[in-house]
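J.: Sharing a structure here in structure tokens format.
No lab work stands behind these numbers, since they all come straight from the coordinates. In this text the structure is predicted, and so the values were computed from the model without any measurement. Note that each Cβ is placed from the backbone with ideal geometry, even for glycine, and that neighbours are counted across all protein chains shown.
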Protein chains: 2
Amino acid sequence: MSISMTSIPATKRPSISRRALAVPPSPIRKLAGFADAARQRGIKVYNLNIGQPDIPTPPQYFEALRSFNERVVSYGHSKGHIKLLEGWSRYYQRKGLDVTPAQVQVTTGGSEAIQFAVTLTCDAGDNIVTSEPFYTNYYSLALGASVDVRPFAAEPALGYCLPARSVIEKAINEKTRAILICSPNNPTGTVLTRDEMATVVQIAEEHNLFIISDEVYREFCYGGTHVSIWQFPQVAQRAILIDSISKRFSACGARIGALISRNEAIMDGALRLGQARLCSATVEQLAAVAMMDLDEEYYAGIAREYVSRRDVLIDRLQKMPGVHCETPHGAFYAMVSLPVDDADRFCQWMLTDFNLNGETVMMAPGAGFYATPGSGRQEARIAYVLEKPALSKAMDALAAGLAAYK
Amino acid sequence: MSISMTSIPATKRPSISRRALAVPPSPIRKLAGFADAARQRGIKVYNLNIGQPDIPTPPQYFEALRSFNERVVSYGHSKGHIKLLEGWSRYYQRKGLDVTPAQVQVTTGGSEAIQFAVTLTCDAGDNIVTSEPFYTNYYSLALGASVDVRPFAAEPALGYCLPARSVIEKAINEKTRAILICSPNNPTGTVLTRDEMATVVQIAEEHNLFIISDEVYREFCYGGTHVSIWQFPQVAQRAILIDSISKRFSACGARIGALISRNEAIMDGALRLGQARLCSATVEQLAAVAMMDLDEEYYAGIAREYVSRRDVLIDRLQKMPGVHCETPHGAFYAMVSLPVDDADRFCQWMLTDFNLNGETVMMAPGAGFYATPGSGRQEARIAYVLEKPALSKAMDALAAGLAAYK
């Protein structure tokens, strides 16, 4: 070879794309390095930063792993294994929602369903509107696809409910292609009422938008009934439902989700996007099938557990001076207002400079759940995914940390 | 609810994005429905359309499934499980390529590594150049990300080797951000020589491009030595290596791949894209680890098997009147020129209208591997992924089919 390493000036190097630079680091995972360092110093860190439930994955998952008896771990259909398509359909039919296997595209986690939905509805430069604060990965996946997220502010003092119609419509412009809702909500725990859903439906019809409805927390509704976008037949051609087994079956690491729609162009497009990445993992799909027929008692038991955790959390938070948090009615998150200038710095400080009897807590700083600069700086998201004794100890550490923080 | 189903004219419906419409159906999978129908009529269909090896997945994979003993199938690190990052590194070190765990991003199949590479290097409206015919999913994944593919033609008569530098440079324009190479090549089986790789390196330096080097077929080199982009230190900041366990370990359904680079901005961006989709499947990653230390005898045994299959295939093809196919030197594909007007129609006819003693063959029509309209219409891709007796019977059916086709 005749190529010299010095033939090209060092400054002449390709730079990565602007969109890749724009994708933010995960606020949920950004403090992981500080938590690791704390653990290495012998500190016990309670992980309330990430929606990783500690509920055991059902035994059906593990039995499916052990009983897989093919010689070759081969590709499956790009749409998803037929048994899993049928499994999703059965799950929905039991919920009273008429979803057929043909209306399901199996995805690699809810994440891929969101990515597909963004790509299917938006060209580069288009945008989606959604309530703020929002699940950060909506923002990351949209920016990675050259799609903007235009937020409308949910009101913290009103439990982050849907704002007035005029507020939502102000976010919509000529490049808006979809309105994205998440109920029960990550990161706020808010559950949209039937009236709020109807408002979303009306807005979508009036502005000719798709509705991307993330319902992965459907089973985590405390007190009210979940309202699905599938219950509004007038938006049959607009609705794209996002689902996942991750939280429902405490199987986040299986990476199995679904995109569901009655719109044939959307389903055809989803299949072609699916073919481009071949298939979701074969064994994980079969392991998911085994859990699709868990009965209502399974879900009810888990909901009871989370309600009792939530009550411990909210009771403790509301006793801390300067802390504000409305009682969330779904999912397993709470957005909490903290009496600090900069929650990002405080959350980091809790890992680097503080411990209570050798214990501390990791939370997700709030600013990462906002696109609007300056918003969420005094908030943090707490995921109540630990058993009550651990949660209680984590609250001891948070209370002491807030008292000690200048 | 006061919303009427007739309040909005039926014509006013949102349409899916232009980019989603542009993503083509998979040429590898497009005839699947006809094959299913043939099977339902009792016809035995030999699948030479898809790169799905019939070599058994190594026992280590299944042992890892069975021995997974966590209570919860939880999220892993977005970069990949540390054991798998180290496993990739060990694999490369044994090959004499100095890859560290930090230089590896675990991906959900090679597919996701390609998608990440396209997003990391290109903004919407940018393009990559690559040789044609190419693996269709490069095209699909690029179009889905609003990125163009500008092809330069490899020469069928010369075994689809790299064309002259001037031909490649004609494809490059001011929006070109990367040159994508695949060696050994899917769909042609061509292996790039060191001189050809050096030409690519020179072009990338001169035009300030990234080099995306898909090396998933590295272990399938028959006769020559594989040359990796990693062996060219002068492009350390330009090179993005795509890898996968799918073909190497006959584990296509595990969906485990890797993106590998020495460029820190690329690795940082890949991690943020990785965080946006959380992680690759936890159990599949651990099952992959177990296979990373398979020794050279494993690879050599598989290469011997594929060489003998290739020899059967090429010998049979070259005896068919009007069929042209150079001997491929790597991977397990051959692009074959057929004496038909439209290989798409012929491949479909083989499934719908033909059988030889109740047997027929499924191939991937060639046009799907080209972006240039009209190209590849007389070609088909054959994957020699079946054992020799089955391959031989498939060739019997193909020869008889060609003779019977008007």
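J.: Which residue fluctuates most in the GNM of chain B (Cα springs below 10 Å): B:Leu48, B:Leu317, B:Leu294?
T.: Largest GNM mean-square fluctuation: B:Leu294.
J.: Right, here's the next one. Please compute one quarter of the surface area of the Cα convex hull for the range B:13-108 and express it in square nanometres.
T.: 12.7
J.: Rg and Dmax of the range B:59-289, using alpha carbons, in Å: what are they?
T.: In Å, with Rg to one decimal and Dmax whole: 17.4, 59.
J.: For Cα pairs less than 8 Å apart in space and 6+ apart in sequence, what is the mean separation divided by the residue count of the range A:59-289, i.e. the relative contact order in percent?
T.: Numbers: 415 pairs, mean separation 67.6, N = 231.
Dividing the mean separation by the residue count of the range A:59-289 yields 29 percent.
J.: What is the packing order of peptides A:17-29, A:274-286, taking the mean over residues of other C-beta atoms within 10 Å and listing the highest first?
T.: Descending mean neighbour count gives A:274-286, A:17-29.
J.: Additional query: When a/c is below 1.5 the answer is rounded, else prolate if a/b is larger than b/c, else oblate, so apply that to chain B with a ≥ b ≥ c taken from the square roots of the Cα gyration tensor eigenvalues.
T.: It is rounded, given that a/c, with a ≥ b ≥ c, falls under 1.5.
J.: Further, regarding this structure: Take chain A, connect every pair of alpha-carbon atoms lying under 10 Å apart with a spring to form a Gaussian network, then pick out the residue of A:Lys95, A:Lys79, A:Lys247 with the largest mean-square fluctuation.
T.: A:Lys95
J.: Also: Please average, across the residues of B:199-205, the number of beta carbons from any other chain that are within 10 Å of each residue's own beta carbon, and give a whole number. Display every interim value, and only then the final one.
T.: On the way: counts 1, 0, 2, 5, 0, 2, 6.
Going residue by residue through B:199-205 and averaging, the value is 2.
J.: Further question on the same structure: Kindly work out what percent of the DSSP beta bridges joining two residues of chain A are antiparallel, to the nearest 5.
T.: Here the share of antiparallel DSSP bridges comes out near 45 percent.
J.: I've got another one for you. Partner chain Cβ atoms within 10 Å, averaged over the residues of A:99-111 - can you pull that number for me? Write down the numbers at each step before the final one.
T.: Numbers: counts 0, 0, 0, 0, 0, 0, 0, 0, 0, 9, 7, 2, 5.
Counting Cβ atoms of other protein chains within 10 Å of each residue's Cβ and averaging gives 2.
J.: If you average 1/r across every pair of different Cα atoms in the range A:208-271 and take the reciprocal, what Kirkwood value do you get, in Å?
T.: Across the range A:208-271, the inverse of the average 1/r is 12.9 Å.
J.: Among the listed pairs A:Lys30/B:Lys247; A:Lys95/A:Lys247; A:Lys44/A:Lys319; A:Lys170/B:Lys79; A:Lys30/A:Lys247, give every one whose C-alpha distance is greater than 28 Å.
T.: Exceeds cut-off: A:Lys30/B:Lys247; A:Lys170/B:Lys79.
J.: Choose one answer from B:Phe249, B:Phe62, B:Phe134: the residue with the largest mean-square fluctuation in a GNM of chain B with alpha-carbon springs under 10 Å.
T.: Evaluated over chain B, the most mobile residue of the options is B:Phe62.
J.: Bin by bin, in steps of 20 Å, what percent of the Cα pairs in the protein assembly as shown do you find, going until the bin that has the longest distance?
T.: Taking every Cα pair in the protein assembly as shown, the percentages come to 16, 48, 30, 6, 0.
J.: Here is a follow-up. Quick one: net charge of A:Glu387's neighbours, Cβ under 9 Å, K/R +1, D/E -1?
T.: Taking every other residue near A:Glu387 into account, the sum is 0.
J.: Further, regarding this structure: Per residue of B:132-138, how many C-beta atoms from partner chains lie within 10 Å of its own C-beta, taken as a mean? Write down the numbers at each step before the final one.
T.: Details: counts 0, 0, 0, 0, 2, 4, 1.
Mean number of neighbouring Cβ atoms from other chains: 1.
J.: Beyond 17 Å, how much of the Cα-Cα pair distribution for the range A:338-387 remains, as a whole percent?
T.: For the range A:338-387, the share of Cα pairs beyond 17 Å comes to 38 percent.
J.: Projecting each Cα onto the charge dipole of chain A (Lys/Arg +1, Asp/Glu -1 at the beta carbon, about the Cα centre), which of A:Val283, A:Phe210, A:Ala157 comes out farthest on the positive side?
T.: The Cα lying farthest towards the positive end belongs to A:Val283.
J.: What ranking of A:Tyr139, B:Tyr299 emerges when the number of other C-beta atoms within 10 Å of each C-beta is taken as an exposure proxy, fewest first?
T.: By the 10 Å Cβ count, ascending: B:Tyr299, A:Tyr139.
J.: Could you work out how far the C-alpha centroid of the range A:325-392 sits from that of the range A:164-206, in angstrom?
T.: Going from one Cα centre to the other spans 26 Å.
J.: Between beta-carbons, use under 11 Å as the cut-off and find the net charge around B:Gly253, counting Lys and Arg +1, Asp and Glu -1.
T.: Within the 11 Å Cβ shell, the charges total -2.
J.: Mind checking which aspartates and glutamates have their Cα closer than 12 Å to the Cα of A:Lys175? Skip sequence neighbours fewer than 8 apart in that chain.
T.: Cα-Cα hits under 12 Å: A:Asp123, A:Asp126, A:Asp148.
J.: Quick check: residue separation of A:Glu296 and A:Asp341 times 0.36 nm, minus the Cα distance between them. What number comes out in nm?
T.: 11.8 nm
J.: Further question on the same structure: What does the charge count around A:Ala198 come to, taking other residues whose C-beta lies under 13 Å from its C-beta (Lys +1, Arg +1, Asp -1, Glu -1)? It would help to have the intermediate numbers written out before the result.
T.: Details: positive: A:Arg165, A:Arg194; negative: A:Asp195, A:Glu196, A:Glu205, A:Glu206.
That sum, taken over residues with Cβ under 13 Å, equals -2.
J.: Just to check, using Stokes-Einstein with a Kirkwood Rh over alpha carbon pairs, what's the diffusion coefficient of the range B:175-287 at 10 °C and 1.306 mPa s in µm²/s?
T.: Answer from the Stokes-Einstein relation: 104 µm²/s.
J.: Can you give the % of DSSP beta bridges in the range B:149-283 that are antiparallel, to the nearest 5? Show your work: numbers first, answer last.
T.: Details: 5 of 14 bridges.
Rounded to the nearest five, the antiparallel share is 35 percent.
J.: Would you please give the residues with an amide H less than 5 Å from that of A:Arg150, counting only those at least 5 places away or on a separate chain, with H modeled from the backbone geometry?
T.: A:Ile128, A:Val129, A:Thr130
J.: Report, in debye and to the nearest 20, how large the dipole of chain A comes out about its Cα centre when Lys and Arg carry +1 and Asp and Glu carry -1 on their Cβ. Could you put the intermediate results ahead of the total?
T.: On the way: 41 positive and 41 negative charges, 220 e Å.
Around 1060 debye, computed over chain A.
J.: By counting other Cβ atoms within 10 Å of each Cβ, how are B:Glu219, B:Glu305, B:Glu379 ranked from fewest to most?
T.: Values: B:Glu219 21, B:Glu305 16, B:Glu379 28.
Exposure proxy ranking, most exposed first: B:Glu305, B:Glu219, B:Glu379.
J.: When the Karplus curve 6.51 cos²θ - 1.76 cosθ + 1.60 is applied with θ = phi - 60°, which whole-Hz ³J(HN,Hα) does each residue of the range B:292-300 get, with x for Gly and Pro?
T.: 5, 9, 4, 8, 4, 5, 4, 5, 5
J.: Calculated from DSSP H runs of 4 or more alone, at -39500 (n - 2.57) each and per residue, what is the 222 nm mean residue ellipticity of chain A, nearest 500?
T.: Result for chain A: -11000 deg cm²/dmol, rounded to the nearest 500.
J.: Now for a separate question. What share of the DSSP beta bridges in the protein assembly as shown is antiparallel, in percent to the nearest 5?
T.: Just about 45 percent of them are antiparallel.
J.: Please report how far the C-alpha centroid of the range A:83-151 lies from that of the range B:105-123, rounded to the nearest whole angstrom.
T.: 20
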